[in-house]
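Everything below concerns the one structure shown next.
What follows draws every value from the coordinates through simple rules; no lab data is involved. Values in this document were obtained by computation on a predicted structure and should not be read as measured data.
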Amino acid sequence: MDSLHMTLAKVPAEFPFALKETQDKGIGAFAIRNITRGELVLSERPLLRIVGSRYLAADVQAQYDKLGDVQKAVYMSLASAHGQDASRYPSTSAPYLEKGDKRRIREQYEALTGEEKSVLSICMTNAMETDNGAAIFELASRFNHECVPNACFSWDEREGVERIHATRNIAKGEEITVCYCDPFYDVSMRRWELMHYGFECRCRACHDFDKAGTFANESRERRWKLRELGLALPLCQSEAERLRVRLQMVAATKAEGLQNPAVANMYLEIAQICDHTGDGEMAVKAARKALDMFTVCLGADSEDAQDAAKRVRVLEKQLRKRSEQK
């Protein structure tokens, strides 16, 4: 992220990464040893936390003012996407927006297009969503984006920490990346959303997307299909039709290399439909895939993984009972 940060933060010894300068993305997180799929890469408490999703500049400033001098220095060292071209953004906000929302949008616009780094511009560049607002982290903020990442970040409200887990095996020396935007967006939508972070993604799912035969070109087709299938779901007239759509969606995510909680939820729905239609074996297989995905992305102790584990046990018990009755 911010190449102007003079002293890289010290990473606790229990975490398998180090912060380094990259050639074109500022600071990034790199594996210092081989990391196994599902392994915890980072667990971190917030440097600053904001309650509520419709916060204003004054709300961020109020939380910043509560920090000590050392924490303030750390906060101000984080990346800032200020100095952007104002012509790339709409000049006016929608007339139907409430007064508070218009003010918030204006403040954020001014922070991103202003010439100087500010408390708000840093917040907008680094904030990660929590259950009831947003938070900024010293270390998690340094993980760069890729549209097909090798890690997944999540907020644990019970523990009050941000966690990052590896979603595939990561080799020593490889950069550890997360996805900043909706993973099912097509390339044009991703570029618009990522513009707010002050960069244009050049990962393998974005670079040369208009050239036939490239991964990016195939990725664009798959993600466009995912969006179309998602729009088709509410129109399904039967469970069989909905199952067919969901199966196509998980096939596309697998081809794309996406592993995240949204995919896990797709498998849970497949398990539910198969259970309703009497396909116990398929229900168990889908539920196990959901459990695996939740465990890898969120950790075995997460509520989603624990709920999925319970669902697997129920379906396995039902399947055994049906087998015994035959």
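Assorted remarks:
- Rounded Å value of the spacing that divides the Cα centres of segment 27-89 and segment 100-171: 6
- Residue-wise HN-Hα coupling along segment 120-127, computed from phi with Karplus coefficients 6.51, -1.76, 1.60 (Hz; x: Gly, Pro): 6, 5, 5, 4, 5, 7, 10, 4
- Classified by the C-alpha gyration tensor, segment 17-195 has a prolate form. Its axis ratio a/c, with a ≥ b ≥ c, is 1.5 or above, and a/b is larger than b/c.
- Segment 223-295 shape via C-alpha gyration tensor axes, a/c threshold 1.5: oblate
- Relative contact order %, the chain, counting alpha carbon pairs below 8 Å whose residues are six or more apart: 17
- Taking amide hydrogens as placed 1.01 Å from N in the peptide plane, the amide H of I176 sits under 5 Å from those of A29, F30, A31, each at least 5 positions away in sequence or on another chain.
- Listed by chain and number, the lysines placed with their C-alpha closer than 17 angstrom to that of K310 are K285, K289, K321; residues fewer than eight positions away on the same chain are left out.
- Folded to 0 to 90 degrees: helix 303-325 orientation relative to the chain principal axis, Cα: 10
- Relative contact order of segment 215-325, pairs being alpha-carbon contacts under 8 Å that are 6 or more residues apart, as %: 19
- Candidate values [x] 21.6; [y] 19.9; [z] 24.4 were compared with Kirkwood radius over Cα pairs in Å computed on the shown model; the agreeing label is [x].
- For the chain, adding -39500 (n - 2.57) for each run of n ≥ 4 DSSP H residues and dividing by the number of residues yields -14500 deg cm²/dmol at 222 nm.
- Amide hydrogen neighbours beyond the local backbone of S118, cut-off 5 Å, H modeled: none
- Nearest 10 degrees, 0 to 90: helix 261-276 Cα axis against the chain principal axis: 20
- Spatially proximal lysines relative to K172 (Cα-Cα < 21 Å; intrachain offsets below 8 disregarded): K10, K20, K25
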